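What follows is a short report on a single structure.
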2 protein chains.
Amino acid sequence: MDPNCTCEKCELKSLFFQSVSEEELFNVCNNKKENEHKKGDLIIAEGSVIKDFIYLKSGLVKLYKTTRDHEQILKFAGPFDFVSILNIFSHNKHQYSVMALEDSVTCHVDFAEVRNMVLENGVFAHGLLQKMGQVSDSIIQESLQIRRHNLKGRVAIVLLYFANRVYEKDEFELPLSRKEIAEYIGKTTENVIRALSDFRKSNIIKIFGKVIEIIDKERLERLSKFG
Amino acid sequence: MDPNCTCEKCELKSLFFQSVSEEELFNVCNNKKENEHKKGDLIIAEGSVIKDFIYLKSGLVKLYKTTRDHEQILKFAGPFDFVSILNIFSHNKHQYSVMALEDSVTCHVDFAEVRNMVLENGVFAHGLLQKMGQVSDSIIQESLQIRRHNLKGRVAIVLLYFANRVYEKDEFELPLSRKEIAEYIGKTTENVIRALSDFRKSNIIKIFGKVIEIIDKERLERLSKFG
DNA sequence: ATCATGGTATGATATTTATCATAACACTTG
DNA sequence: CAAGTGTTATGATAAATATCATACCATGAT
């Protein structure tokens, strides 16, 4: 093995390359590129041509679409639910932008190579179909969930998402501005701030700037279900 | 060829079986089942086990999810944008229900057979990846589009969808109740009715029960963009 | 240091939408 | 036929949310 090739040790190898032969992996590995992104960097620009199969090795990103007057955030994603797969076989341009919410590392494999692997390796293709189903379903289900809740319920869902799914702690630094929360849940920035203030006044959370501490998780969970 | 096998003539053959060999097609064709559904029939029940790869040959359906107290409609779909693909590789149970909005015919192929074709036929697998990307993207984009409009804008979007995409006529019979429009756009039934009445009073549409005639399409289009 | 800028925060008000009530009508069922 | 049920429709009112205004604070640029 080439000493430059570290894919063997990649935590995500099993995600996409489980079924790939030594020879194929070697090939992918030597032609891949890894990019580092600082918090706030644009990783993928909506409308740009898709050249690579891109996946997230580490970090946290937001997926969003820019419209006339504002942005709509589709999904927050970490390494194990990364998302560029959705468009890659059906569009030649990226339909969404991706921005780093925390320092992130992406891995880029030439798309032609991935397509060849799909054409030649059925197990690999099947794995991609599975992953794609999971990703699209998570976006759709989350969107439906948010849509059936009011302002406070939606904000509660976001806080619990970061506490339970991303940081696995009840005190964490929000990697988002209030505006970005608003862009995700489809409400105004002011009302997101009001909801957070309301939670603070009701002793459900404490707020120190971007740091949130969840004090009464039960109540927050009730809000996320019935609010 | 078996005289019972009419897949050769199926209008949708190219959609899913473009790349499939004579032998494979023959096999699929003889093991397929076709089902007819009357308007209002449940075709797929959310939560039921996925056994078949199901696609729509003709008709019109709604895809929806049942929650605590009401239903949320995800998508209306005809033969060329059918949707059961989304879950089939990633879940063992259907995540959404499908109901016929008009008399419909579905074609059922055993899932194991489809999986085998994915594993053995890269071109077929690639075609499914493309189709799946299109379907998931259409759901996501439509959902975002609706979310950034107000009540009237949303209703206008629905009317134009049926006029332009489904019936290709400016006078058509809505295959939906007002309640179902509400479940799709995420507003109350009363307000959907009010929006329609409002369009009628403004001479944008005429209403004869379920039959809608669009009189001022330009104004409706403006509403669907800026409302 | 000063200035502009963006994020956070709060209040007052306007607008939008939901809820509740009622009624007419069509449709099914006993 | 009558009774019940669901759909369409409209009005009155309540609740949720958006909009506009203002302020404070931190940050980076000049």
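For the range A:112-153, filtered to residues that are buried (at least 16 other Cβ atoms within 10 Å of the Cβ) and among the small types (Gly, Ala, Ser), the residue that is farthest from DNA strand D (Cβ to nearest atom) is A:122. For beta carbons closer than 7 Å, sequence separation of 6+ or different chains, a first residue in the range A:179-203 that is under 24 Å from residue A:140 (Cβ atoms) and a second that is near DNA strand C (Cβ under 7 Å from one of its atoms) and of a type outside the set (Phe, Trp, Tyr), the qualifying pairs are A:182/A:189; A:192/A:178. Tell me which residues, restricted to the range B:49-70, are under 26 Å from residue A:225 (Cβ atoms), over 13 Å from the mean Cα position of the chain (by Cα) and surrounded by 18 or more Cβ atoms within 10 Å (Cβ to Cβ). Selection gives B:65 alone. Can you confirm whether residue B:179 is not assigned by TED's automatic domain parsing to the domain that holds residue B:19 and not in a helix (DSSP H, G or I)? When the stated conditions are applied, residue B:179 does not pass them. Is there a residue in the range B:196-205 that is touching a Phe, Trp or Tyr at 6+ places or on another chain (Cβ under 7 Å) and under 26 Å from residue B:102 (Cα atoms)? Yes, that holds for at least one residue. Those helices (runs of 4 or more DSSP H) of the range B:1-94 in which at least 3 residues are within 15 Å of residue B:135 (Cα to Cα) and in contact with a strand residue (DSSP E or B) (Cβ under 9 Å, 6 or more places away or on another chain), considering only elements entirely within it, cover B:85-88.
Within the range A:217-225, does at least one residue satisfy the condition of being more than 26 Å from residue B:94 (Cβ to Cβ), without any contact (Cβ under 8 Å) to a residue 40 or more places away in the chain, within 16 Å of DNA strand C (Cβ to nearest atom) and not assigned by TED's automatic domain parsing to the domain that holds residue A:52? The answer is no, given that none of the residues of the range A:217-225 is more than 26 Å from residue B:94 (Cβ to Cβ), without any contact (Cβ under 8 Å) to a residue 40 or more places away in the chain, within 16 Å of DNA strand C (Cβ to nearest atom) and not assigned by TED's automatic domain parsing to the domain that holds residue A:52. Taking the range B:186-227 as the range and being in a strand (DSSP E or B) and among the aromatic types (Phe, Trp, Tyr) as the test, only B:208 passes. In the range A:104-148, the residue that is farthest from residue A:8 (Cα to Cα) out of those that are under 16 Å from the mean Cα position of the chain (by Cα) and charged (D, E, K, R) is A:142.
Tallying residues that are more than 9 Å from DNA strand D (Cβ to nearest atom) and within 14 Å of chain A (Cβ to nearest Cβ) within the range B:172-187 yields 5. Taking the range A:20-47 only, how many residues are within 24 Å of the chain's Cα centre (by Cα) and over 22 Å from residue A:102 (Cα atoms)? The total comes to 4. Of all residues in the range A:188-216, count the ones that are of a type in the set (Ser, Thr, Tyr) and either more than 10 Å from DNA strand D (Cβ to nearest atom) or not assigned by TED's automatic domain parsing to the domain that holds residue A:167 (or both). Residues that pass the stated criteria total 2. Among the candidates A:101, A:15, the residue that is at pLDDT 85 or above, hydrophobic (A, V, I, L, M, F, W, C) and within 18 Å of the chain's Cα centre (by Cα) is uniquely A:101. The set of residues in the range A:154-186 that are buried (at least 20 other Cβ atoms within 10 Å of the Cβ) and over 17 Å from the mean Cα position of the chain (by Cα) comprises A:154, A:155, A:156.
The values are calculated or read from the model by the stated rules, or taken from the named source; none is laboratory data. All of these numbers come straight from a predicted model, not from anything done at the bench. Note: ideal-geometry Cβ built from the backbone for every residue, glycine included; neighbour counts use all protein chains shown.
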